[in-house]
1. Just a yes or no: is a residue in segment 216-237 outside any helix (DSSP H, G or I) and at positive phi?
2. Any residue that is in a strand (DSSP E or B) and either surrounded by fewer than 22 Cβ atoms within 10 Å (Cβ to Cβ) or within 20 Å of the chain's Cα centre (by Cα) (or both) - is there at least one of those in segment 284-298?
3. Looking only at segment 125-152, which residues are buried (at least 17 other Cβ atoms within 10 Å of the Cβ) and either touching a residue at least 40 places away in the same chain (Cβ under 8 Å) or not in a helix (DSSP H, G or I) (or both)?
4. Quickly run through segment 319-349 and pick out the residues that are crowded, with 18+ Cβ neighbours inside 10 Å, closer than 14 Å to E210 by Cα and more than 24 Å from the chain's Cα centre (by Cα).
5. Among the residues that make up segment 306-315, is at least one of them modelled with pLDDT of 95 or more, under 18 Å from the mean Cα position of the chain (by Cα) and within 19 Å of C205 (Cα to Cα)?
6. Just the residues that are surrounded by fewer than 19 Cβ atoms within 10 Å (Cβ to Cβ) and touching a residue at least 12 places away in the same chain (Cβ under 8 Å), please, taken from segment 33-43.
7. Looking only at segment 16-29, filter to residues that are of a type outside the set (A, V, I, L, M, F, W, C), in a helix (DSSP H, G or I) and touching a residue at least 40 places away in the same chain (Cβ under 8 Å); which one of those is farthest from G267 (Cα to Cα)?
Amino acid sequence: MKKYCFISAGEFSGDLLGAELIDELQKIEKDLEFVGICGAAMEQRGAVSLVSQEAVTVMGVVEVFQRLSTLSEAEQKILAWVDRFQPSMAILIDFPGFHLMLAEKLRLRGIPVFQYVAPKLWAWGEHRAALLRKNVELTLGIFPFETQFFAKHQVPFAYIGSPILDRTRKIHAHKKEFGYQESDVIVSLLLGSRKEEIEQLAVICKEIIEDMERRAPDIHFLVVVAQNLSLAWVEGSLGLSSKNVRFLQGNSLEAMAISDASLVCSGTATLECALLGTPLCVIYRMNALTFQIAKRKVKIPWISLVNIVAEKEVVREFVQEFEASAVASEILELLGDLEKRITMKQEFLHLQASLHPKAAACAARTILQHVSL
């Protein structure tokens with residue numbers, strides 16, 4: 001009789017986490033089959049998608065309401081499969097807006113549910129801790145400070161280490177591998193893996209690059225495009241024709257590693273960049289109504305994982321309303337001010353020391369200790 005694991009990653013970063021976790025689970029349980037919402041990385045490990053990531057990926061409160069019928073269809077398809085095949089467990093990776101609703105329906109069907117990457121309830125939505133406590137067998141967190149928060153709310157929780165630290169430790173890249181000279185000054189731009197993020201940031205990023213080119217014409221710009229997005233569409237959205245601008249699909253970690261500075265859309269990439277030791281600043285824009293709602297709910301003063309984990313401002317954040325010239329000035333300062341670069345890199349080393357490695361292996365062992373196969 002086949003042993004199934006339902007596994008769901010609603011976006012690109014979750015797909016990478018899921019792929020790493022599948023590798024580790026298969027080392028222990030070779031016969032376990034994975035079915036769910038999967039991206040390319042998970043599918044390469046043999047996971048089968050019931051629903052595409054594109055069907056459920058949505059950013060912001062307003063956008064969720066616009067996609068309710070699509071999300072409902074995805075949920076019904078998943079539950080029909082669950083009812084038929086009765087998986088031994090369900091692993092829900094990040095993406096709490098959709099997953100917390102799904103977890104309740106899975107629990108009612110007697111499926112042990114594991115939340116891999118704790119929802120950021122310490123930032124907003126603290127009241128949803130009750131849903132985790134009620135519907136999730138165990139929440140697996142990747143930041144050490146979360147332990148105290150979830151203990152306070154009596155949520156079964158395990159800190160399993162940082163998969164981001166594991167990923168960045170494997171990177172050893174050089175400029176020449178990407179066609180640059182070691183003396184070339186490179187600024188990479190990582191604008192997110194969602195179309196909505198690109199749409200919000202395209203115009204301002206074009207202005208930032210043009211401003212920097214006027215002030216420092218020898219800088220090379222490397223725009224990194226997520227694997228799940230169309231390279232041609234992103235190129236067209238930014239509308240840049242400069243010979244100093246290159247677009248690169250994938251290889252985001254290598255691109256940040258060879259960069260002298262990076263401009264990063266808030267998200268996992270901010271922490272990846274810091275752990276690679278590359279100075280950065282952060283930009284973010286969202287739908288105006290979504291931003292007003294978020295501003296009233298968010299309880300912490302930062303949006304980047306670098307500052308959140310460090311619990312202080314290590315990198316500058318430019319959120320919603322800002323001038324291209326201000327961002328350009330910050331990046332040029334990161335390139336030219338040696339003392340500022342050294343100070344930031346020292347903070348990155350402290351950050352690295354605060355995190356634990358081998359997260360996927362720990363997560364796999366922890367999950368299998370809680371289920372009977």
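The values are calculated or read from the model by the stated rules, or taken from the named source; none is laboratory data. Just so it is clear, the model here is predicted, and its values are computed rather than measured. For neighbour counting, all protein chains shown are included, and Cβ atoms are generated from backbone atoms with ideal geometry for every residue, glycine included.
1. Going residue by residue through segment 216-237, those that are outside any helix (DSSP H, G or I) are 216-230.
Now drop any that are not at positive phi, which leaves none.
The answer is no; no qualifying residue exists.
2. So the first thing to find is which residues in segment 284-298 are in a strand (DSSP E or B), and the list is 284.
Cutting the leftovers down to either surrounded by fewer than 22 Cβ atoms within 10 Å (Cβ to Cβ) or within 20 Å of the chain's Cα centre (by Cα) (or both) gives us 284.
For segment 284-298, residues in a strand (DSSP E or B) and either surrounded by fewer than 22 Cβ atoms within 10 Å (Cβ to Cβ) or within 20 Å of the chain's Cα centre (by Cα) (or both): present.
3. Let us first name the residues in segment 125-152 that are buried (at least 17 other Cβ atoms within 10 Å of the Cβ), namely 125, 129, 131-132, 135-143, 146, 149-150.
G125, V136, E137, L138, T139, L140, G141, I142, F143, listed by residue number.
4. Residues satisfying the conditions are A324, A328.
5. Yes, segment 306-315 has at least one match.
6. Start the filter on segment 33-43 by keeping residues that are surrounded by fewer than 19 Cβ atoms within 10 Å (Cβ to Cβ), which leaves 33, 40, 43.
Of everything in segment 33-43, those that are surrounded by fewer than 19 Cβ atoms within 10 Å (Cβ to Cβ) and touching a residue at least 12 places away in the same chain (Cβ under 8 Å) turn out to be E33, A40.
7. So in segment 16-29, the residues of a type outside the set (A, V, I, L, M, F, W, C) come out as 18, 20, 23-24, 26-27, 29.
After this cut, where a residue has to be in a helix (DSSP H, G or I) as well, the list is 18, 20, 23-24, 26-27.
With touching a residue at least 40 places away in the same chain (Cβ under 8 Å) added as a condition, the list becomes 18, 20, 23-24, 27.
Values: G18: 17, E20: 19, D23: 24, E24: 25, K27: 30 Å.
Checked segment 16-29; the qualifying residue farthest from G267 (Cα to Cα) is K27.
Every residue, every condition in (1) of a type in the set (S, T, N, Q); (2) part of a helix (DSSP H, G or I); (3) in the same structural domain as A123 (by TED's automatic domain parsing), yes or no:
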position: G277; (1), (2), (3): no, no, no
position: I303; (1), (2), (3): no, no, no
position: K312; (1), (2), (3): no, no, no
position: E339; (1), (2), (3): no, yes, no
position: C362; (1), (2), (3): no, yes, yes
